[in-house]
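Structure first, then comments.
The values are calculated or read from the model by the stated rules, or taken from the named source; none is laboratory data. Because the structure is a prediction, the values reported are computed rather than measured. Cβ placement follows ideal geometry from the backbone for every residue including glycine, while neighbour counts extend to all protein chains displayed.
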């Protein structure tokens, strides 16, 4: 089992913040069922964050989604390079 590096930890926490912001937008726009489903599916099998990511790009866009995309790219690069 590999250890999580500090860089990966910072990226994971940042990604979680973006997820929370997108789910908050779901509740704000009246998509309560989708918001609850994303929360449950994130903790059960991890697919809730992917649903929120796609929903965010389709409905919200903006700075949060650009930031979240950059975090995902940085996370993949950090995992591949071993940082």
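Structure above, values below:
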| read-out | value |
| --- | --- |
| Elements of type helices (runs of 4 or more DSSP H) in the range 22-83, at least 2 residues being without any contact (Cβ under 8 Å) to a residue 60 or more places away in the chain, closer than 15 Å to residue 12 by Cα and in contact with a helix residue (DSSP H, G or I) (Cβ under 8 Å, 6 or more places away or on another chain) | 47-55, 62-81 |
| Residue list for the range 1-21, filter: surrounded by fewer than 16 Cβ atoms within 10 Å (Cβ to Cβ), touching a residue at least 60 places away in the same chain (Cβ under 8 Å) and within 13 Å of residue 49 (Cβ to Cβ) | 12 |
| Checking residue 32 against (1) farther than 29 Å from residue 2 by Cα; (2) surrounded by 15 or more Cβ atoms within 10 Å (Cβ to Cβ), the condition it does not meet | (2) |
| Meets criteria (within 16 Å of residue 65 (Cβ to Cβ) and either in contact with a helix residue (DSSP H, G or I) (Cβ under 9 Å, 6 or more places away or on another chain) or modelled with pLDDT of 95 or more (or both)) for residue 19 | yes |
